[in-house]
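Peer 1: Before we start, here is the structure in question, set down as structure tokens.
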Amino acid sequence: MTETTLDRTDPAHPARGSATASAVDAGLDLASQSRTYEVRTFGCQMNVHDSERISGLLEDAGYVAAEEDATPDLVVFNTCAVRENADNKLYGHLGMLRGTKREHAGMQIAVGGCLAQKDQNTVLEKAPWVDVVFGTHNIGSLPTLLERSRHNQDAEIEILESLETFPSTLPTKRDAVYSGWVSISVGCNNTCTFCIVPSLRGKERDRRPGDILAEVQALVADGAVEVTLLGQNVNTYGVEFGDRGAFAKLLRACGDIDGLERVRFTSPHPASFTDDVIEAMAETPNVMPQLHMPLQSGSDTVLKAMRRSYRSKKFLGILDKVRERMPHASVTTDIIVGFPGETEKDFEDTLRVVEASRFSSAFTFQYSPRPGTPAATMEDQIPKAVVQERFERLVELQNRITAEENQRQIGTTQELLVTADAGTKGSETGRLSGRAADNRLVHFSVPAGAESPRPGDFVSVTITDAGSHHLLADPASAQEYHLRRSRAGDAWDRAQAESCGVGTTQVGGAQPGAVSLGMPTLRSDG
């Protein structure tokens, strides 16, 4: 564990000196007042789930979510370290908050997540106006560290080298009443040469099945109809307690939970993807026909250099088996372009595998070296211009495939779980949004005379058109639209009527501060 306390004497940062001192001199007891907070999230679904834990911890400690456009008393950054621009993004945000903190008496800034775990003291060296730095293994310490920093008027750094408390034992404030994330494991036992995650989140730690199912049951009792099981390599679940079939058993057990209508999981590793998981997916009605499985490269040579212990033939074989058992399943993936040593032939192999795989979408990345990873020091780093040109060709190919696969959905009837986000054009078009069973995004209209759904309700509609990365459904009459009101919709109504919920899976009535889900897209800025 690294724990450091820094004394602030820099006159350029009076928030630690004059501003806070002035507030104290005026008799303002900051600790006794309801302090507002905002959590800003970057990175993967695991980070999104961790941010729900952070919000739950803060509200359990008496903090209140800041109103939109209001200056919060506390800003927490939950960071990612996977890509090169993660550093610039964080320090850019911190720089913009420097002046705000100077003007806002008693304001605190905390930095956590993977970048904090990696950089540790560097965060305060680059941004000495930060109050708390905490790692991936000690989220539960955040309220104590904030109070200690405020009391001592010093910065607090606490980075543990191993997991302190399994995250799912901490209180949670869920972002959506109708769905929830459930961590089944943390950490990773793989040694991919491009990835820094194992060194930041540690070796794989598995939760006991009973604890996982109890949390799923609690979410369902609280109104959720959908859960997503999370793990760095979700299908290696059970390795810690010696049961290779544990993940398939867990999927089947989720099928026995009354009221749980949709089960998803992310992300599995192709090397560990076994037939029993495919059978469990196909035979468990509430496990959705959707699979996100990272390819990373279609070149066997590059996969070997990445230490990805599968080859393109095995990857395509898994997809064949999945589609044989679930013909309408959608498959998405992650792909890295420009890994060190990648030749034009290697890249063409990737294009070949992408064409054969028919991904409904692909999250594509330009390789960026991460300090501390073997790939960062490999020879034959690919010039930026070459990486960019290959990236654009891959995106063009995948965009064509996505459009073709979306066109195939026209005329099919889909049951959608209605979401709270109507999309960027929702106010203009009047359409609402939902997710199909295969997780495709569908924007739909409610025909005249039909009842509007609530987030968490289900609607059945026929797909009438397809966009680049979404589907459209515009029923011509009420007879072509079916609404199924749900427990989750009821929970949404309750959440809107109350200022906050109760219990460890509480749902706030007020909208939380802006959170970037950090989901990768088909575009790249680096």
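The values are calculated or read from the model by the stated rules, or taken from the named source; none is laboratory data. What you are looking at is a predicted structure, and each value in this text was computed from that prediction instead of being measured. Glycine gets a Cβ as well: all are built from the backbone with ideal geometry, and neighbour counts include every protein chain shown. The accessibility values were calculated without ligands, DNA or RNA, using every heavy atom of the protein model including side chains. Shrake-Rupley method; radii C 1.70, N 1.55, O 1.52, S 1.80 Å.
Peer 1: Ala218 fails exactly one of the following numbered conditions: (1) surrounded by fewer than 20 Cβ atoms within 10 Å (Cβ to Cβ); (2) closer than 30 Å to Thr193 by Cβ; (3) at pLDDT below 95. What is the number of that condition?
Peer 2: (2)
Peer 1: May I pose another question? Determine, yes or no, whether Gly242 is open to solvent by less than 10 Å² (accessible area, probe 1.4 Å) and modelled with pLDDT under 95.
Peer 2: No: the conditions fail for Gly242.
Peer 1: I would also like to ask the following. Leu394 passes all but one of (1) open to solvent by less than 20 Å² (accessible area, probe 1.4 Å); (2) not in a helix (DSSP H, G or I); which number fails?
Peer 2: Just one mismatch for Leu394, condition (2).
Peer 1: Still on this structure, please answer the following. Please enumerate the residues belonging to segment 354-390 that are farther than 23 Å from Lys313 by Cα and not in a loop (DSSP other than H, G, I, E, B).
Peer 2: Passing the criteria: Gln366, Pro374, Ala375, Ala376, Thr377, Lys384, Ala385, Val386, Val387, Gln388, Glu389.
Peer 1: Can you say whether Pro340 is open to solvent by less than 40 Å² (accessible area, probe 1.4 Å), touching a helix residue (DSSP H, G or I) at 6+ places or on another chain (Cβ under 8 Å), part of a loop (DSSP other than H, G, I, E, B) and in contact (Cβ under 8 Å) with a residue 40 or more places away in the chain, as far as the supplied structure shows?
Peer 2: The answer is yes for Pro340.
Peer 1: Now for a separate question. Of the conditions (1) more than 28 Å from Ala356 (Cα to Cα); (2) under 23 Å from the mean Cα position of the chain (by Cα); (3) in a loop (DSSP other than H, G, I, E, B), Ser452 fails just one. Which one is it?
Peer 2: It fails just one condition, (2).
Peer 1: While we're looking at this one, here's another question. The conditions are (1) modelled with pLDDT of 95 or more; (2) exposed (fewer than 13 other Cβ atoms within 10 Å of the Cβ), and Asn439 fails exactly one of them. Which is it?
Peer 2: Result: Asn439 fails condition (2) only.
Peer 1: Going by what's in this entry, would Ala305 be described as surrounded by 16 or more Cβ atoms within 10 Å (Cβ to Cβ), in contact (Cβ under 8 Å) with a residue 60 or more places away in the chain, assigned to a loop (DSSP other than H, G, I, E, B) and in contact with a Gly (Cβ under 9 Å, 6 or more places away or on another chain)?
Peer 2: Against the criterion (surrounded by 16 or more Cβ atoms within 10 Å (Cβ to Cβ), in contact (Cβ under 8 Å) with a residue 60 or more places away in the chain, assigned to a loop (DSSP other than H, G, I, E, B) and in contact with a Gly (Cβ under 9 Å, 6 or more places away or on another chain)), Ala305 does not qualify.
Peer 1: Of the residues Asp474, Asp438, Asp465, Asp490, which is of a type in the set (D, E, K, R), in contact (Cβ under 8 Å) with a residue 12 or more places away in the chain and within 30 Å of Gln366 (Cα to Cα)?
Peer 2: Asp438
Peer 1: Okay, next question. Restricting to segment 269-292, and then to whatever is out of contact with any strand residue (DSSP E or B) (no Cβ under 6 Å at 6 or more places or on another chain) and part of a loop (DSSP other than H, G, I, E, B), can you tell me which residue is surrounded by the fewest Cβ atoms within 10 Å (Cβ to Cβ)? Spell out how you get there, then give the answer.
Peer 2: Filtering segment 269-292 for residues out of contact with any strand residue (DSSP E or B) (no Cβ under 6 Å at 6 or more places or on another chain) gives 269-280, 282-285, 289.
Narrowing the set further to residues that are part of a loop (DSSP other than H, G, I, E, B) leaves 269, 273-274, 284-285, 289.
Details: His269: 21, Phe273: 24, Thr274: 15, Thr284: 17, Pro285: 9, Pro289: 19.
Among those residues, the one meeting the criterion is Pro285.
Peer 1: Only one of these conditions is not met by Val130: (1) farther than 19 Å from Gly43 by Cβ; (2) open to solvent by less than 10 Å² (accessible area, probe 1.4 Å); (3) not charged (D, E, K, R). Which number is it?
Peer 2: With respect to (1) farther than 19 Å from Gly43 by Cβ; (2) open to solvent by less than 10 Å² (accessible area, probe 1.4 Å); (3) not charged (D, E, K, R), Val130 is out only on (1).
Peer 1: Could you check, for segment 226-236, whether at least one of its residues is in contact with a Leu (Cβ under 9 Å, 6 or more places away or on another chain) and without any contact (Cβ under 8 Å) to a residue 40 or more places away in the chain?
Peer 2: Looking through segment 226-236, none of the residues is in contact with a Leu (Cβ under 9 Å, 6 or more places away or on another chain) and without any contact (Cβ under 8 Å) to a residue 40 or more places away in the chain.
Peer 1: Ser267 - would you say it is within 25 Å of Leu115 (Cβ to Cβ), touching a residue at least 12 places away in the same chain (Cβ under 8 Å) and of a type in the set (S, T, N, Q)?
Peer 2: Yes: the conditions hold for Ser267.
Peer 1: Can you tell me which of (1) open to solvent by 60 Å² or more (accessible area, probe 1.4 Å); (2) outside any loop (DSSP other than H, G, I, E, B); (3) of a type outside the set (A, V, I, L, M, F, W, C) is the one Thr402 doesn't meet?
Peer 2: For Thr402, the failing item is (1).
Peer 1: For segment 452-459, state whether one or more residues are among the small types (Gly, Ala, Ser), modelled with pLDDT of 95 or more and surrounded by fewer than 15 Cβ atoms within 10 Å (Cβ to Cβ).
Peer 2: Yes: one or more hits.
Peer 1: Ok, one more. Just to be sure I understand, how many residues within segment 351-363 are buried (at least 20 other Cβ atoms within 10 Å of the Cβ) and at pLDDT below 95?
Peer 2: Number satisfying all stated conditions: 0.
Peer 1: Name every residue in segment 52-95 that is assigned to a helix (DSSP H, G or I), in contact (Cβ under 8 Å) with a residue 40 or more places away in the chain and open to solvent by less than 10 Å² (accessible area, probe 1.4 Å), in order of residue number. Step through it out loud before you land on a result.
Peer 2: First pass over segment 52-95, keeping only residues assigned to a helix (DSSP H, G or I): 52-60, 85-95.
Filter once more, so that each one left must be in contact (Cβ under 8 Å) with a residue 40 or more places away in the chain: 52-60, 85-86, 89-90, 93.
The answer is Arg53, Ile54, Gly56, Leu58, Leu90.
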